[in-house]
Each structure stands twice: as C-alpha cells, then as structure tokens.
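Trainee: Let me give you the structure first, and then I'll get to my questions.
Laboratory data are not the source of any read-out in this text; all were calculated from the coordinates shown. From a predicted model like this one, the values you see are computed outputs, not experimental measurements. Using ideal geometry, Cβ is built from the backbone for each residue, glycine included, and neighbour counts are taken over all protein chains shown.
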Amino acid sequence: MSAQTQASDRSNYRFGWACWIAAIVIVVAAIWAIARFTSDAPVTYAGNEDHFKYGSTGGERSSGIPYSIWMALPELFPQYLPGKGLQSLGFLYEPGKDLPIGVSKRRVMGMDRVFLNCAVCHAGSVRDTPASAPRFIVGMPSNTVDLQGFQRFLSAVALDKDFTGDRIAPVIKKMGTDDWLNRELIRYVGVDLMRDQLITLWRMFSFMDNEPVFGPGRFDTFNPPKVLLNFRMDDLPEEEWIGVCNFPSIWHQRLREGMELHWDGNNTSVDERNRSAAFGTGALPPTLDRPSIHRTEDWLLDAAPPAYPYPVDATLASKGKPVYAEHCARCHGASGTDFTGELVGKVTPIDVIKTDRHRLDSYSFALCVNQGQLYAAYPSERFQHFRKTNGYANQPLDGVWLRAPYLHNGSVPNLWSLLEPSSMRPASFFRGYDVYDPRNVGFVATVGKEGQKAFFAYDTTLPGNGNFGHEGPAYGTDLPEDSKQALIEYLKTF
C-alpha cells in the first residue's frame, strides 16, 4: 500500500470518527434541548399543608412569571410598592422561604416560572400583640394580601421605560437566580413577551377603575371571568360594575357539598366551585394540573379551623348557646361542626337580608350561561350547576373567629359591630392589620399604621362597600348587651 493510500485511509478514518463524534454531539445536544425545553414539572411537597401553601394549580404554564424576574422586580422598581418588597402588599413569607405563601413554582420549557395558587386568597396571619410573631393559618380568608395592589404593581412595571432586558439580566446574574442561557432568553425575548402580556391584561382589567379600591383581603371574583369570555367590559350595565367581595374561608368542604356556594349561592357543586376558582390562579382547562388540584381538594374535604387560642369564659359561653340557637342556628348551623339547620347553605333573598347588593348584581345571567362553555372540550368537567340567584347564601360559621371583617364585602370589622344596627357600625375602619382583638372578635381595626406600613382605610359609604343589612330582631341586633356578650363568647368556641 502506497504512502499516499495510507494517508488517504488515515484521513478518511479521522473524518469518519469526526462525523461520528459530531453526530453523537448533535444527538446529545438534541436530547438535552428536548429535555430542557419540553420540561413541565412543579416543585412538590410531602405535606398536604405545604402543598396547599406552595403547590401548583397549573397556572404557571400559561400565566407564569419567570422566577428570576419575580425576584428582581421589587428590587428594580421599589417606587411602585408601598414599602419594602412584596411584604408591603401583605404577602406572607415563612422563615427561610424565598417565595410567599400562595405562590407556586414550576419548571416549564427550561425555565422556572411562578404564579399564584389557592393559598394566596385562603391563608392569613394572626398576631397576639404588635410584638408577637405571626401565626400563618391556612384555610382562613387572606386578611393581608392586596391582590389589586399587586396587579397594579405589575402594570406599572410593564409601562415603565426601564423595564428592559438589558436592565434586568445583570440583576438576575447578580442574584444568581438563573443560568446564562435563561438570562439571555429573558434579555432578548422574555421581557418583551412579559411586557406585552402585562399591558394586555392592564387594558383588559381597566374595568376595575369603576370600582372602589379593593384593599387587602378582597377581590372582584366574577367580573374577571367576563374578560376571559370576551365580554365587552366597557359596555357592561352599570349595576354589574362592582363585584368586590371578601375572600371566604374554605374549611370542611365535605360538609358543604350540595349547599349553595359562593357568596350568592350560584353553584351547588364543590368540584365546579374549585375549577371556577382555579381561573383566578391562571389555570385554564388545558393547563389545569388536575392531580395537584385533586390533592388539595381531598385535603380540604375535612380540613378544620384551629381552636380559638384565647381564654373563653365557659359560664358566659353557656349562656350564649341558647341565644345562638334562637337567633342564628336556623341559618348558620347548630354549631361550628354541625351544619344542620333549615336554611343553612341556602340563599336568603336580598329583600330579606338587605345587605349591599352590588356583588349579587355583578354576577349576571349572561355570565352564568357563558360559563357553561369554559370546559366545553371536557365533557366530564363541564360546568352544569351555575345559576343566577336573588340573594346571598347563609354560611356555616366554622372558624368564625378568623373570618373578620364580616358580611360578604368585609364591611363590618368584628362580631360585636355585626350585632349592632348599621347606624352604630363603624363608617370607616382599617383593614390589613393582623393583630387580633379578642374582646370584639376580629382584627384590630383602629390602627392606621405600624412602623412604615400603612393599612387600608375602608370607607363604607362607597358603592359596594355598604355595611347595612343583617340587622333587626331576627339577626340579634336588638338583643340586650349582656345577651350579645354571651353570644359572642359562645361563637368563640366555633
């Protein structure tokens, strides 16, 4: 064999090996890229309570915010927050956690994304004194989180000329919250996509400008689905403009099956109510994480509120028991665990209960009809139980001590005020403070500021904020003072 032939063979051999190596590199790179950019895995939790606080509903898939951007925004745009960090909007952070309760994380298409879950509306904070550490309680209404404030923070960021990839990417690198590839994707693509999405939402949710400022612990729950269903929000009848209501508690779901649910009793299916609520966490029918949702649903069937942690006068409570049986049990159940009663979980007509009707009127027959289309491609899950009602549903009172402020719109700060006629209820008070008031049973509502944090001033004279109704002989507001005190003491045991 000639030297020329040998050289040619060696060259072909090396070329062949180079081709094989290149092919292997391409295959490995393709496998890596497929694995990275088709990833879809939430952060999981062993305990049911932690799963409720941080587990995914699937909302990160279509509505998620890149985790690294979430972490950077409060540092880059503090001028749009009322104080330092998202804590100033009432988000609750457990020690050692970088995300607040009510925010889940999922790895989607190679990037960690975060979004809200059920706990952002259904977990709250309680302190015994201003100097006490907070206790975070799941299942109670959120009493501190200002979701409207958070939405307006994101909108303000999106409209800011400094919301650019070139400004954000170095901060992400400094914080160490993402790798080089994701930083570059965020720099050149991610920020622009997020800006477009946020500005679109800002325009779609401009209907909120017709409503009073929500404040912490409240949101408009049924006008946003109208946006999703392409209602002309600028053409809504005026009576539908305002639908702001308190977040409810969500304990003892098994005992609530078949009751008329939501504040206005517009659905009798716990499952449908849960899927409807999932829209608020960004989870659409194709993106809903069903196994994760079912785990939360199963746990909530028998989840119970914590016992009242302060002293209870047993003698006084025993005097309050017959008062409750006479004036309250028919509508609210025999006790905090026995929900039997002629009218429990049923709608009382607005002409009888006479509370503020704005939330009732905001849920329209047209929305009711259109909701049936939301799961049209999923026959077994399609909504079938929504209906238009003419009043508000009577709620069981499990954990009532944690559910202040009271009435559907959160217009009455404590149980003592609820047992007063509306003319004697506070015309204004502060929301968002988590220090407890055992005497009146509710949260302290007379403190407007603690340190640098200001609390929300609730004005009951604004449309939708009325504190009237649920008064008269049938509701206990005409009782003598000692009977009211006994009744409140008994309610502490629920």
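Trainee: What is segment 216-360 by shape, rounded, prolate or oblate, if you read a ≥ b ≥ c off the alpha carbon gyration tensor as root eigenvalues and call it rounded for a/c under 1.5, prolate for a/b larger than b/c, and oblate otherwise?
Mentor: oblate
Trainee: Further question: Quick one: net charge of F207's neighbours, Cβ under 14 Å, K/R +1, D/E -1?
Mentor: Net of charged neighbours comes to -4.
Trainee: Using amide H atoms built in the peptide plane, which far-off residues or other-chain residues are under 5 Å from N414 H to H?
Mentor: The list, which skips near neighbours in sequence, is Y406.
Trainee: Among the aspartates and glutamates, which have Cα under 17 Å from the Cα of K346 when same-chain residues fewer than 8 positions away are ignored?
Mentor: Counting by Cα, and skipping residues close in sequence, K346 has these aspartates and glutamates nearby: E257, E260, D264, D338, D398.
Trainee: May I pose another question? How would D112, D209, D179 line up from fewest to most surrounding beta-carbon atoms within 10 angstrom?
Mentor: Fewest to most other Cβ atoms nearby, the residues stand as D209, D179, D112.
Trainee: Same structure again: Residue-wise, which Karplus ³J(HN,Hα) couplings in Hz belong to segment 40-56, taking 6.51 cos²θ - 1.76 cosθ + 1.60, θ = phi - 60°, and x for glycine or proline?
Mentor: 7, 9, x, 5, 10, 9, 6, x, 5, 5, 5, 4, 5, 6, 10, x, 7
Trainee: Further question: For a 24 Å ceiling on Cα separation, which of these pairs sit above it: K105/K174; K161/K449; K226/K388; K84/K492; K388/K492; K226/K453?
Mentor: Distance filter (> 24 Å) returns K161/K449; K84/K492; K388/K492; K226/K453.
Trainee: Name the residue from T389, S423, P379 whose Cα lies farthest towards the positive end of the charge dipole of the chain, charges +1 on Cβ of Lys and Arg and -1 on Cβ of Asp and Glu.
Mentor: It is P379.
Trainee: Let me ask something else. Evaluate the charge dipole of segment 344-452 about its Cα centre and quote only its size in Debye, nearest 20, assuming +1 on the Cβ of each Lys and Arg and -1 on the Cβ of each Asp and Glu.
Mentor: 240 debye
Trainee: Okay, next question. If the convex hull of the alpha-carbon atoms of segment 165-263 is projected onto planes in all directions, what is the mean projected area in square nanometres?
Mentor: Quarter of the Cα hull surface area: 10.5 nm².
Trainee: What is the magnitude of the charge dipole of segment 182-339 about its Cα centre, with +1 placed on the Cβ of each Lys and Arg, -1 on the Cβ of each Asp and Glu, and no other charges, expressed in debye to the nearest 20?
Mentor: It works out to roughly 480 debye.
Trainee: Another question, if that's okay. Provide the net charge surrounding D482, with neighbours chosen by a C-beta distance below 14 Å and charges set as Lys +1, Arg +1, Asp -1, Glu -1.
Mentor: Every neighbour counted, the sum reads -2.
Trainee: May I ask which residue of Y67, M175, A314 lies farthest towards the positive end of the charge dipole of the chain, with charges of +1 (Lys, Arg) and -1 (Asp, Glu) on Cβ and the Cα centre as origin?
Mentor: M175
Trainee: If amide hydrogens are placed 1.01 Å from N in the peptide plane, which non-local residues have theirs closer than 5 Å to the one on D112?
Mentor: Counting only residues 5 or more places away or on other chains, the set is Y67.
Trainee: Work out the charge dipole of the chain with +1 on the Cβ of Lys and Arg and -1 on the Cβ of Asp and Glu about the Cα centre, then indicate which of V108, L255, M140 is farthest towards its positive end.
Mentor: So the residue we want is V108.
Trainee: So what is Rg over Rh here for segment 344-422, counting just Cα atoms and using Kirkwood for Rh?
Mentor: Checking Rg against Rh, the ratio lands at 1.07.
Trainee: Rounding to the nearest 20 debye, state how big the charge dipole of the chain is about its Cα centre with +1 on each Lys and Arg Cβ and -1 on each Asp and Glu Cβ.
Mentor: Taking the Cα centre of the chain as origin, the dipole is about 1260 debye.
Trainee: How big is segment 68-205 by Rg and Dmax over its Cα atoms, in Å?
Mentor: Computed over the Cα atoms of segment 68-205, radius of gyration and Dmax are 15.9, 49 Å.
Trainee: With a 10 Å Cβ neighbour count serving as the proxy for reagent exposure, in which order, fewest first, do V189, V270 appear?
Mentor: V189, V270
Trainee: Determine ³J(HN,Hα), in whole Hz, for all residues of segment 140-145 in sequence, where each value follows from phi through the Karplus function 6.51 cos²θ - 1.76 cosθ + 1.60 and θ = phi - 60°; x replaces Gly and Pro.
Mentor: Along segment 140-145, the couplings run 7, x, 4, 10, 10, 6 Hz.
Trainee: Over 10 Å intervals from 0, what percent of Cα-Cα pairs in segment 405-471 sits in each interval?
Mentor: Histogramming segment 405-471 at 10 Å steps yields 23, 55, 21, 2 percent.
Trainee: On to the next question. Checking understanding here: applying a Kyte-Doolittle mean of at least -1.0 and a length along the axis of at least 27 Å (C-alpha), which whole DSSP H helices in the chain pass?
Mentor: Flagged H segments are 3-37.
Trainee: Here's a follow-up. Past the 32 angstrom mark, what percentage of all C-alpha to C-alpha distances in the chain do you count?
Mentor: Above the 32 Å cut-off, the chain has 45 percent of its Cα pairs.
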